[in-house]
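Data block below; observations after.
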Amino acid sequence: MDRSPEHTLDAVGPRLKQLRQRRGVTLADLADETGISPSTLSRLEAGLRRPTLEQLLPLARSHAVTLDELVDAPLTGDPRINLRPIPTDDGRTVLPLSRRPGVIQAYKFVLPAGRDDAVPDLQTHEGFDWAFVLNGKLRLVLGEHDLILSPGEAVEFDTRTPHWFGATSAGPVEFLSLIGKQGERAHVRTPQH
């Protein structure tokens, strides 16, 4: 297998196209996300132009993959996964656990202690969500339901239902979440004895 830098860069185009198509994103949408013109993106995907680092960085960010994954860099022999937490303005931390665009995505959320009288800002979007509480108490407002979930409890719901997640005043909460496109649900199986 040819692992020369030229071969590696030549293989980026088809990978870019595959990532974009798997996400169901148009060239125009990707151009809006990255600031790279649709014509340049088209030439990159067709292999008519080699990508620069200035182009690869926003493309990797947009497709939620690392640069190594984007260019199919050779393995280093280190089996550790480099997870990068994403802090938010409201003190939450989001830790992406998977990086396969277009399929169910896995995340770990860490929310700081909240207020029991917090007014939820309900959101809706296409998709399906499954959440599992690891530590703390998770408040979930789902439509007209206001639930408190404890460690070991799980929920699943259609994200077109207005919803909001928050921590209680009891302290921070950590939970795992699987988020899929509309119609994709987590399938839970129990062993049959």
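The values are calculated or read from the model by the stated rules, or taken from the named source; none is laboratory data. Every value quoted in this text rests on a predicted model; they were computed, and no experiment measured them. Using ideal geometry, Cβ is built from the backbone for each residue, glycine included, and neighbour counts are taken over all protein chains shown.
So the check is Cβ under 9 Å with 6+ separation or different chains; which pairs have a first residue in segment 154-183 that's assigned to a loop (DSSP other than H, G, I, E, B) and a second one that's hydroxyl-bearing (Ser, Thr, Tyr)?
THR159/THR124; ARG160/THR124; THR161/THR124; PRO162/THR124; GLN182/THR159
With respect to LEU19, is the statement that it is over 25 Å from LEU134 (Cα atoms), at pLDDT 80 or above and within 17 Å of the chain's Cα centre (by Cα) true?
yes
List pairs: first residue in segment 133-145 and in contact (Cβ under 8 Å) with a residue 40 or more places away in the chain, second residue among the aromatic types (Phe, Trp, Tyr) anywhere in the structure, Cβ distance under 7 angstrom, at least six positions apart or on different chains.
Pairs that qualify, where the first residue is in contact (Cβ under 8 Å) with a residue 40 or more places away in the chain and the partner is among the aromatic types (Phe, Trp, Tyr), are VAL133/PHE175; LEU134/PHE175.
Return yes when HIS193 is modelled with pLDDT under 90, over 20 Å from SER98 (Cα atoms) and not assigned by TED's automatic domain parsing to the domain that holds PRO96 and no when it is not.
Yes: the conditions hold for HIS193.
State which residue is nearest to LEU97 (Cα to Cα) when the search covers only segment 29-65 and only residues that are hydroxyl-bearing (Ser, Thr, Tyr) and surrounded by 14 or more Cβ atoms within 10 Å (Cβ to Cβ).
This residue is SER62.
So if I check each of LEU111, LEU134, LEU138, which one is among the aliphatic types (A, V, I, L, M), more than 14 Å from the chain's Cα centre (by Cα) and surrounded by fewer than 16 Cβ atoms within 10 Å (Cβ to Cβ)?
Criteria check complete, one pass: LEU134.
Given the criteria on the phi < 0 side of the Ramachandran plot and at pLDDT 75 or above, does VAL71 qualify?
yes
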